[in-house]
Each structure stands twice: as structure tokens, then as C-alpha cells.
């Protein structure tokens, strides 16, 4: 009976979203870490429950203090949320904390209660310049309803997916059992916030009120770090009513855009298996190994020293088609030359790198 009720609710929510004139794209701020169980809990919920049922939900994974990804500008915005649960999610800046087990139901409620967004957001243009690793965009935000009061801000956020990093579960962390879903310590991360262009606060858009049918156009240029895979990066734009913190800043609408390709979301399909680049090289603490997989199947990514001794196995399991970013922590390596060996059923490639 419970399964039937859940199915009916999902069908109802889907029907509401399809008939909305300006369908809302709900934002889920996912608070997580690489040093505790919650990372896998939220990963399981997002991949098994959120993405398949609510594909237009924009997930922004913010990693807290002590997390490996916390070194990136933008991720420490996690500290500006008042998290009562571990792990936690915050939906649309509505000012309440959602435990991981309730994220799916909270999203369903948000979509059913507010299927339409009061603001229409669109990318008018987007140009990716590989030589400079800069994305140039023109974005328009329009109030398509009645006059609304308040000051409105926006932010432009870079996320990256298909990132490989080993996670550790510290004693006392949240129980890593998500209603029977798989718990993993070593998996690919998605929706990682790499950069908030205007930091956590954002940039002013319009105010102290937003007249009906009034629109604002902004031109923004965003640079990508050389360590990130541009084909795996997306640009998220969010418009929200200004408040003193992100989790209390109600989001009016959000959209996302692939960095590479034309306007809209796109999926890049590599043409050849192998290592694309190792950056930085030489490594002085952390290096990024970019590699491509053309067909789903088993693959292995291993590190050997100059004498041929295996130092570390980064990956040894099935991998889906795509480009990946394996972040290798070389702080425990001795100085010298190493070899990165990548193997698939279709061949093997090797590249060398130095550790200072």
C-alpha cells in the first residue's frame, strides 16, 4: 500500500511539473565531506532517489572544513549553513535543514506546492574558449509575475563531476545505511562546487523591488582551473531574495549550462581510451589524472615507481563511458619519477610524472 501511495504521489508531482508554465528547478545544497560517512549517504540518496525522479533538480555539493575538497574557493560556504543533521541538505534557501532520509520527500513537497518559478532565467549566449579556459556568458532574468518586493541577488557557480577520491569514515559519523542503498567509500563524486564566482554572498541583481515583466541582463566571464575537466563542468546560475545567509535566501529560479558545447546541457563522449593529462606535473602534494573511457567496462589506474614497484591502485573496477578526474594525493610519496598506467579491455597507456 505504501509503495502504491508513493507511486501515485510521484505521478502527481510529475504531472504538475509538466503543466507548469515556467517549471521550477529546485536547488539542493548538499552538505557533505570526504572524511565521514555522510558523503556516501547523500551520494546514494542523490543518485538513486533524487536524480532519477527529479532530473531538473540542481545539486550543489558543498564540502565542509576538513574535507579534501574544502580547499577550493566556494566549498567552505558549507560553514554558513546551520546544519542540525549529519548529513544534511538545504532546499531552495527556505531556511530549514533536511536529514538525508527526508531529502526525496522534501523535494517532492517543494515541487508539488510551488511548481512554477516567479522568475524566468535563460542563457542568451555562451562561449567556451579552451585556450584561456574562460566561459563568457550573457544571462537574462525576468520577473514574469506580479511586482515582488525585496532585493534580489544572483550567483554563478561552477560544479564538476566524475571526480575520483577515496573517502574515509571517521568514528562517530552518521550511520552509512541509506534504506538498503549501497554504501561506498571509494566512488566518483558529482556536483562538486569548485567555484562561486561572487563568493558565498553573490552579486546584486535588482531591488528594492522587482516590477512585473522587468528583466535584467548580466554578462559574466568565469575561468576554470587547469586541474578541472571542462567537459565535466557545469555552470549553475541561481537568483534569490537577499538575506544574511544562503540557507535563508529563498531561490526564485536556477538554471544550469554545460561549459563545453552549445547552449544547453550536453554529454561529451570520448573517442579514445587513455590518459589525457597529468596536472600539475611535477606534483607538490596533489596531482590530477584526467583519463577517458569510451565503453563501459573494467578499468585499472595504477601508480608505479621507477623500479616497477606498485605504489598505489587508484581504480580497479567497472567504469562507465566518460572522462574522469582522479585526484592523487602524493604527499606520502618520495621525491622522484613515477609512472601512471591506465588499462582497459582495449589497451594500455602510460604517462610519467614527477613528485618534488
Looking across the range 235-259 at residues that are farther than 22 Å from residue 142 by Cβ and touching a strand residue (DSSP E or B) at 6+ places or on another chain (Cβ under 8 Å), the single one that is surrounded by the most Cβ atoms within 10 Å (Cβ to Cβ) is 246
With criteria (1) more than 23 Å from residue 252 (Cα to Cα); (2) surrounded by fewer than 15 Cβ atoms within 10 Å (Cβ to Cβ); (3) touching a helix residue (DSSP H, G or I) at 6+ places or on another chain (Cβ under 9 Å), residue 129 comes up short on (3)
Of (1) outside any strand (DSSP E or B); (2) modelled with pLDDT of 95 or more, residue 124 satisfies every one except (1)
* Do we have residue 134 as closer than 30 Å to residue 293 by Cα and at pLDDT 95 or above here? -> yes
Exercise for review: Evaluate the following for residue 332: is it within 18 Å of residue 279 (Cα to Cα) and not in a strand (DSSP E or B)?
Suggested key: yes
task = Test residue 303 against the stated conditions and say whether it is over 16 Å from residue 346 (Cα atoms) and outside the structural domain of residue 115 (by TED's automatic domain parsing).
result = yes
By residue number, the members of the range 230-256 that are part of a helix (DSSP H, G or I) and within 13 Å of residue 135 (Cα to Cα) are 230, 231
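Any residue that is under 22 Å from residue 234 (Cα atoms) and at pLDDT 70 or above - is there at least one of those in the range 11-21?
No, there is no match, as no residue in the range 11-21 is under 22 Å from residue 234 (Cα atoms) and at pLDDT 70 or above.
Rundown of residues vs (1) closer than 21 Å to residue 143 by Cα; (2) modelled with pLDDT of 85 or more; (3) in a loop (DSSP other than H, G, I, E, B); (4) outside the structural domain of residue 243 (by TED's automatic domain parsing), yes/no style:
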position	(1), (2), (3), (4)
85	no, no, yes, no
102	no, yes, no, no
105	no, yes, no, no
110	yes, yes, no, no
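Here are some residues: 317, 290. Which one is touching a residue at least 60 places away in the same chain (Cβ under 8 Å), more than 30 Å from residue 120 (Cα to Cα) and assigned to a strand (DSSP E or B)?
Working: 317 fails: touching a residue at least 60 places away in the same chain (Cβ under 8 Å).
Checking each option against the conditions leaves just 290.
The values are calculated or read from the model by the stated rules, or taken from the named source; none is laboratory data. All figures in this text were calculated on a predicted structure; none of them were measured in a lab. Here Cβ is always computed from backbone atoms with ideal geometry, including for glycine, and neighbour counts include all displayed protein chains.
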